[in-house]
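Undergrad: Dumping the structure here so I can ask a few things about it.
Quick note: the coordinates plus some simple rules give every number you see, no bench work behind them. Values in this document were obtained by computation on a predicted structure and should not be read as measured data. Cβ placement follows ideal geometry from the backbone for every residue including glycine, while neighbour counts extend to all protein chains displayed.
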């Protein structure tokens, strides 16, 4: 069976508006279910591809801070 997870995720959100996309992200994070991680990864990939270098650096900085905070909380 050939399963293209990326394509399936993109198909599922293809007609979503901004509000629906935000709800998808918030729901995935709040539920904390492992099965939602691939979808968040695909969404992040889309964001990354649409971002300029400054936006990418801002995301990396935010990610670094988030990793540090998560590590300190453990």
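Undergrad: So, in nm, how far is label residue 72 from label residue 27 when the simple model puts each one 7 Å beyond its Cα toward the Cβ?
TA: Placing both labels 7 Å beyond Cα along the Cβ direction yields 3.4 nm.
Undergrad: Let me ask something else. Return the calculated 222 nm mean residue ellipticity for the chain, to the nearest 500 deg cm²/dmol, obtained by summing -39500 (n - 2.57) across DSSP H runs with n ≥ 4 and dividing by the residue count.
TA: Rounded to the nearest 500, it is -25500 deg cm²/dmol.
Undergrad: Which angle from 0 to 90°, rounded to the nearest 10, does the C-alpha axis of helix 18-31 make with the longest principal axis of the chain?
TA: For 18-31 against the chain, the angle is about 60 degrees.
Undergrad: Which angle from 0 to 90°, rounded to the nearest 10, does the C-alpha axis of helix 53-73 make with the longest principal axis of the chain?
TA: It works out to around 70 degrees.
Undergrad: Pairing the Cα long axis of helix 37-50 with the longest principal axis of the chain, what angle in degrees results, from 0 to 90 and rounded to the nearest 10?
TA: Once rounded, the angle reads 80 degrees.
Undergrad: Per residue, how much space in cubic angstrom lies within the convex hull of the C-alpha atoms of the chain?
TA: Once divided by residue count, the hull of the chain is 126 Å³.
Undergrad: While we're on this one: Can you compute the FRET efficiency between residue 65 and residue 36 using 1/(1 + (r/R0)^6), with r the Cβ-Cβ distance and R0 = 25 Å? Round to the nearest 0.05.
TA: The computed FRET efficiency comes out at 0.65.
Undergrad: If a paramagnetic tag sat 7 Å from the Cα of residue 11 along the Cα-Cβ line, which residues of segment 31-47 would have the backbone N under 18 Å from that point?
TA: Under 18 Å, as judged by backbone N against the label point of residue 11, lie 38-40, 42-43 of segment 31-47.
Undergrad: Can you give the extra length, in nm with one decimal, that the chain gains between residue 44 and residue 19 once fully stretched, where that is 0.36 nm per residue apart less the Cα-Cα distance?
TA: Contour length minus Cα-Cα distance gives 7.3 nm.
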